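The values are calculated or read from the model by the stated rules, or taken from the named source; none is laboratory data. This one's a predicted model, so the numbers in the text were calculated from it and none came from an experiment. In this analysis, Cβ positions are derived from the backbone assuming ideal geometry, glycine residues included, and neighbour counts consider all displayed protein chains.
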Amino acid sequence: MGENNFTESILKSNSCDLQRAVIGGSPTKSAIMFSAGVLGNVIALILLEIRRRKQPASLFQVLVTSLVVTDLLGTFSVSPLVLTAYLRNESLVGMNDKRFVCGHFGYAMTFFSLVTLAILLSMAVERWLSIGHPYCYEKHLSKRCGYITIALIYLLCALFSATPFFGFGKYVQYCPGTWCFIDLNPSKTEHKAFKIIYASCLLVMIVCTVLCNASVIYNLLLMYRRRKARRGSVQRQQGHTRHRSISKEFEHLVLLGFMTIAFVICSLPLVVRQLQTCQTHFQTSLSYELTTRSSAS
């Protein structure tokens with residue numbers, strides 16, 4: 001049912017893009033989601049701060065904190081606009097004749113989706129290096145690397161998400177008039193290219209994140225088997241220390257896995273839908289070209 005509604009929204013994008021009033025939708029549902037998102041992120045930040053006071057923050061905790069802050073900023077960037085549209089019964093396009101509000105909404109959706117998944121990938125790579133390549137991890141990685149990585153992620157995603165304002169890609173309004181996003185049914189080649197690049201980036205980051213997490217699970221199982229195989233009076237204390245280390249790594253892995261699964265469930269259908277749209281456009285163009293050539297012959 002959700003996929004059908006999403007498909008219908010895509011198909012109606014041409015008519016909804018110029019719509020100046022909100023038709024349908026549920027402001028109560030949007031308000032509940034906004035409140036839950038803010039409350040969840042605030043609680044997460046409080047827990048992270050409590051943990052930071054007990055022990056120095058690690059590189060992984062720096063990345064987790066940046067992820068929570070990013071999600072909170074994304075929530076405040078778009079959700080108030082949705083609620084305002086319902087309260088005023090004006091679509092995002094109707095709020096401003098120059099489409100500034102719609103452009104901001106589409107930019108925020110694109111930017112924060114890329115940043116969130118990029119940080120998740122960074123967390124997965126950090127765990128992969130920590131478990132699979134501990135010498136390289138201890139020698140080359142630090143919290144400073146985390147801050148630099150986050151800054152680069154924000155910069156690159158900000159530049160990419162801004163290209164529709166310069167003609168490469170396009171942000172359009174979707175039904176019921178409360179949200180804007182990348183044009184998933186574009187007619188111009190440059191807009192199609194932007195959509196393909198965006199979908200490909202999401203897909204590559206999702207696959208790499210899953211592969212890194214799978215490698216971490218494999219290495220943790222190897223560590224557990226080695227600890228279990230070592231028995232002796234001298235090695236028992238070391239085994240206890242290793243056991244605590246493995247438990248800590250499993251704790252990080254569970255947190256990372258939960259966040260990855262949640263975001264993949266939200267983003268993968270969109271990626272698949274964009275790639276399917278690209279395939280449909282390609283097949284239609286190919287069929288038209290073959291028909292034209294056949295007629296010319």
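The table that follows gives values for the structure above.
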quantity: Of the criteria (1) surrounded by fewer than 18 Cβ atoms within 10 Å (Cβ to Cβ); (2) touching a residue at least 24 places away in the same chain (Cβ under 8 Å); (3) under 30 Å from residue 223 (Cβ atoms), which one residue 50 fails; calculated: (2)
quantity: Extreme residue, surrounded by the most Cβ atoms within 10 Å (Cβ to Cβ), among residues of segment 63-104 that are on the phi < 0 side of the Ramachandran plot and part of a loop (DSSP other than H, G, I, E, B); calculated: 91
quantity: Any hit, segment 100-108, residues being among the β-branched types (Val, Ile, Thr) and in contact with a Ser or Thr (Cβ under 8 Å, 6 or more places away or on another chain); calculated: no
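Let's see how each residue does on (1) at pLDDT below 85; (2) touching a strand residue (DSSP E or B) at 6+ places or on another chain (Cβ under 8 Å); (3) crowded, with 20+ Cβ neighbours inside 10 Å:
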residue: 188; (1), (2), (3): no, no, no
residue: 212; (1), (2), (3): no, no, yes
residue: 217; (1), (2), (3): yes, no, no
residue: 227; (1), (2), (3): yes, no, no
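Conditions (1) of a type in the set (S, T, N, Q); (2) free of Cβ contacts under 8 Å to residues at least 60 places away in the same chain, marked per residue:
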{"site": "165", "(1), (2)": "no, no"}
{"site": "177", "(1), (2)": "no, no"}
{"site": "184", "(1), (2)": "no, no"}
{"site": "192", "(1), (2)": "no, no"}
{"site": "200", "(1), (2)": "yes, yes"}
{"site": "209", "(1), (2)": "yes, no"}
